1. Is it true that some residue in the stretch B:277-296 is at pLDDT 95 or above, touching a strand residue (DSSP E or B) at 6+ places or on another chain (Cβ under 8 Å), surrounded by fewer than 24 Cβ atoms within 10 Å (Cβ to Cβ) and not in a loop (DSSP other than H, G, I, E, B)?
2. All but one of (1) closer than 29 Å to B:Arg249 by Cβ; (2) under 16 Å from the mean Cα position of the chain (by Cα) hold for A:Leu60, so report the exception by its number.
3. Quick one: in the stretch B:111-132, of everything that is crowded, with 23+ Cβ neighbours inside 10 Å and in a loop (DSSP other than H, G, I, E, B), which residue is nearest to the other protein chains (Cβ to nearest Cβ)?
4. Where residues in the stretch B:198-212 are out of contact with any strand residue (DSSP E or B) (no Cβ under 9 Å at 6 or more places or on another chain) and not β-branched (Val, Ile, Thr), which of them is surrounded by the fewest Cβ atoms within 10 Å (Cβ to Cβ)?
5. Counting only residues that are out of contact with any strand residue (DSSP E or B) (no Cβ under 9 Å at 6 or more places or on another chain) and of a type in the set (Gly, Ala, Ser), which one in the stretch A:55-108 is nearest to the other protein chains (Cβ to nearest Cβ)?
6. Determine whether B:Arg159 is away from every other protein chain (no Cβ under 14 Å) and surrounded by fewer than 15 Cβ atoms within 10 Å (Cβ to Cβ).
2 protein chains.
Amino acid sequence: MIGVGQIPVTKGLDQPIREMAATAIKAAMNDVEAPADSTAVQAVYTGNMLSGMLSHQQHLGALVADAAGLRGVEAATAEAACGSGAAAMRWGYMAIASGAYDVVVVCGVEKMTHTDRYETTRALATASDWPNEGAHGHSFVSLNAVIMQEYLQHYWVNRSLFAAFAINAHRNALTNPNALLHKAVTIESYEDSPTVQNPIRLHDASPICDGAAALVLSSAGVAQSTRRPRVRVAASASATDSVGIADRRNLLTLEGAAASSHKAYQQAGVGPEDIDLFELHDAFTIMAVLSLEAAGFAEPGKGLWLGADGEIGLTGKVPVSTMGGLKARGHPVGGTGVYQLVEAYLQITGQAGPNQVPNARVAMTQNVGGTGATVLTHILERMD
Amino acid sequence: MIGVGQIPVTKGLDQPIREMAATAIKAAMNDVEAPADSTAVQAVYTGNMLSGMLSHQQHLGALVADAAGLRGVEAATAEAACGSGAAAMRWGYMAIASGAYDVVVVCGVEKMTHTDRYETTRALATASDWPNEGAHGHSFVSLNAVIMQEYLQHYWVNRSLFAAFAINAHRNALTNPNALLHKAVTIESYEDSPTVQNPIRLHDASPICDGAAALVLSSAGVAQSTRRPRVRVAASASATDSVGIADRRNLLTLEGAAASSHKAYQQAGVGPEDIDLFELHDAFTIMAVLSLEAAGFAEPGKGLWLGADGEIGLTGKVPVSTMGGLKARGHPVGGTGVYQLVEAYLQITGQAGPNQVPNARVAMTQNVGGTGATVLTHILERMD
């Protein structure tokens, strides 16, 4: 990874989706410090989920490449619901690893706030097993409510313990200028926040918003000529589970996340104990907890306590949502996976400012489509 | 490529989209002749354009993998408008070439006939530059009409010369049981067919339909243990042009197709003269003509005459649409690119039956998104 770019996550952005993506891509290209002739971009992979449904615009791949001044290069769109951004990263990674290209751009973009909320919620539900979930009125709030309720009942824990994840995310977003929400959450405001669908409170859920992020990947050879410190993609992994929650063996075990994490650890030759920060997919606080458990940071039923024990903060055992996470930086769905990678890159290159995790050298990101159906895990490592 | 599968292209199919894809995938997996333990599928890449808009179902990647009995493997969706199928192939190719996997499945699927025609046409127009084309009422018929009109005027040729492409496609479809249309077209029926949008007649356009096709790719090592003849993917290439036709330097030169073809020829170390058949993207007869010119089979303005001169038939200089093409096999958009690859495979392995191109050893496929904006070219070569 030799450069990153992002636009601030917002609501009500009055800009075409292609321009959002192009702005992030140009920022990423400008961030590359290397002789320009050696870093000509050869392909653009864009992660997006909703543009066809909400903006009447499919075919974003070619459109975004052209808008970014890269007409002619290979371009396509990757879709894996809310995991679309990291799916684009996976494609870009393979494009480099296969030897096809030396320099590619990975972009993630979503524009979700320009249509009415009903339409957006309905479009998001196309990430579910539609005939069995969405068509019956399930939304991602209600699906996560089922899973959170199961957690509460199975482990017999207090619902307010989930507050720690919202509090941490909002605290970190306060000092991230690219985050959507700049408002602290306390245990009191968490408990006062309305219940959207029992047991999910407003502060358990990530917001609908607009955003775009991008990064530049290169071969090791090209990376040699770029600035230090250098960042290596030590692992790129993906695994799946059933899309419908009724088909899971166990609602509280994210088997896709466990498999994806395991593959990534194997590739990078590391384990949870080597990870300095974990940008997890906190679309809902319950997903943050289950991800920590699936990725081996806590035993089943113990992920919740990492929050309560203060271990998820910037100086904790496993810092999460270090720039605000999906909860407070925001969750522009097709963009999220790339925001996570950009933030992880900023952390391990020492560019995270007030949000810096001390001595961070190895970062893991995990982007999830649906309620755990597609799970993409990347491990980034600082080289020097 | 070690196995292929397809379902017959139809209209009004009463089957969920995931089952369509799963049927094609299972057929492709059953087509592999090798010890089963060496050909366990590790990833599924699905090409699709319209499912979110027409079936309320995004996230097809994981859904299709699960339906095909492959829950757990990596899965994602590739989208590049009508080029989505070959975009999935491109991803699968990179997954093997990068060394990430030894065996992957590539699938293309589209279900388009279950909603009303207006909705389908509108969804298809999301492949255009929406704010500048679709939103102004342009459809793919009208955009291709503009390009065809330009061709007629610029080269001062008779509109009826385009008939040869429809006649050839329909003739070949007669003996393809998987084709949608089994009805011969003559010069008379072509000229009698209604003008949809001047100068495009009904018989210049491909039909809206449902379909799914799949193939299995493996590393060279795994392929060693499979049946003969073996098929090598000698080239996999992609290039883009502007999505909007107003941004093209020249409406009659498909620059994306020329660049994509050139890359493919370079990779495979061949030229047009080495290609035994060319499965081109005849969504409209004008696209077939421009593709032949862009890929170097004819000089600009001369592609049309390959049809008139009888060179596009099964025994001609450059056989096209050998199983019916988009025009008569049908054009289930996200599926088309994979159907083309499946058909090319059947041709060069001598399994094309009455449609067999004599002594075919090298086949080229070209799948196009939009009116030439994303162009994916593959060259398949028979190894022994």
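The values are calculated or read from the model by the stated rules, or taken from the named source; none is laboratory data. Computed from a prediction, not measured in an experiment: that's the story for all the values here. Every residue, glycine as well, gets a Cβ built from its backbone with ideal geometry; the counts of neighbours run over all protein chains shown.
1. Checked the stretch B:277-296: no residue is at pLDDT 95 or above, touching a strand residue (DSSP E or B) at 6+ places or on another chain (Cβ under 8 Å), surrounded by fewer than 24 Cβ atoms within 10 Å (Cβ to Cβ) and not in a loop (DSSP other than H, G, I, E, B).
2. (2)
3. B:Trp130
4. Going residue by residue through the stretch B:198-212, those that are out of contact with any strand residue (DSSP E or B) (no Cβ under 9 Å at 6 or more places or on another chain) are B:198-199, B:203, B:207-208.
Okay, now just the ones that are also not β-branched (Val, Ile, Thr), so B:198-199, B:203, B:207.
Working: B:Asn198: 11, B:Pro199: 18, B:His203: 24, B:Pro207: 18.
Taking the candidates together, the pick is B:Asn198.
5. Just the residues of the stretch A:55-108 that are out of contact with any strand residue (DSSP E or B) (no Cβ under 9 Å at 6 or more places or on another chain), to begin with: A:55-57, A:67, A:69, A:98-99.
Remaining after also requiring of a type in the set (Gly, Ala, Ser): A:55, A:67, A:69, A:98-99.
On the way: A:Ser55: 7, A:Ala67: 9, A:Gly69: 12, A:Ser98: 4, A:Gly99: 7 Å.
Step by step, filter the stretch A:55-108, then rank; the result is A:Ser98.
6. On the way: away from every other protein chain (no Cβ under 14 Å): yes; surrounded by fewer than 15 Cβ atoms within 10 Å (Cβ to Cβ): no.
Criteria not met by B:Arg159.
Here is a yes/no grid of residues against (1) farther than 25 Å from B:Pro207 by Cβ; (2) in contact with an Asp or Glu (Cβ under 6 Å, 6 or more places away or on another chain):
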position: B:Phe284; (1), (2): no, yes
position: B:Leu290; (1), (2): no, no
position: B:Gly296; (1), (2): yes, no
position: B:Glu299; (1), (2): yes, no
position: B:Leu306; (1), (2): no, no
position: B:Leu314; (1), (2): no, no
position: B:Val320; (1), (2): no, no
position: B:Gly325; (1), (2): no, yes
position: B:Arg329; (1), (2): no, no
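Quick grid of which residues meet (1) closer than 16 Å to A:Ser84 by Cα; (2) part of a helix (DSSP H, G or I):
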| position | (1), (2) |
| --- | --- |
| A:Leu326 | yes, yes |
| A:His331 | yes, no |
| A:Ala344 | no, yes |
| A:Pro354 | no, yes |
| A:His378 | yes, no |
| A:Asp384 | no, no |
